[in-house]
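A short reminder: the numbers here are calculations on the coordinates, not readings from a lab. Treat the numbers as computed from the prediction; the structure is a model and nothing was measured. Positions of Cβ are backbone-derived with ideal geometry, glycine not excepted, and every protein chain shown enters the neighbour counts.
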Amino acid sequence: MKLLVINGPNLNMLGVREPEIYGKGTLADLEALIRSYCGEKGVPVDFFQSNHEGDIVDVIQRAYGKYDGIVINPAAYTHTSVAILDALKAVGIRTVEVHISDVSAREPFRQISYVGLYAEKTVKGLGFDGYLRAIDHLLS
Ligand code: DQA
């Protein structure tokens, strides 16, 4: 089981960005946490972050035949991107959607998730631990 963790726009600003919502940890902290967890489990993992929708579509397409599972926090593209949904459907890789915050308790526009129409599971409101729970699901 080889995993790809994808983080969408503005998640490179973790630690600075609205810490009362997203916490004080940085993207590097998040990736180190996941790398260590996957190391314990003997699971190879790669990371990708982009602020650009098309770049995320490209990396999902390139994942075809190379990865067995995707953990994705599409960030704002969650609520808008049919292109990312279609890319995931095109490659057919098992996917779990993660949100650091509890999007279900936030603004109405955050209640829609296009990626959620494909993902096996959505983990929200658990902070960085949500990524580990997503990995647990893919490994179970
Ligand atoms: C987010 C929630 C999204 O609504 C928001 O646009 C983000 C982060 C989260 O992790 O809680 O950028 O995906």
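Helical content of the chain, expressed as a calculated mean residue ellipticity at 222 nm, amounts to -10500 deg cm²/dmol (DSSP H runs of 4 or more residues, -39,500 (n - 2.57) each, divided by residue number, nearest 500).
For GLY23, the amide hydrogen comes within under 5 Å of no other amide hydrogen, counting only partners 5 or more places away or on other chains and with H modelled in the peptide plane. For PHE47, nonlocal amide neighbours, meaning residues 5 or more places apart or on other chains whose placed amide H falls under 5 Å from its own, are VAL5. Taking the three principal axes of the alpha carbon atoms in segment 3-139, the coordinate ranges are 39, 34, 24 Å, sorted in descending order.
Label positions at ASP86 and GLU20, each projected 7 Å from the Cα along the C-beta direction, are separated by 3.9 nm. Segment 3-40 and segment 112-134 have Cα centres lying 14 Å from one another. Modelled label positions at ASP136 and LEU117, each set 7 Å beyond Cα in the direction of Cβ, lie 3.0 nm from each other. The count of lysine pairs in segment 3-139 that are at least 8 places apart or cross chains, and whose C-alpha atoms lie under 21 Å apart, stands at 5.
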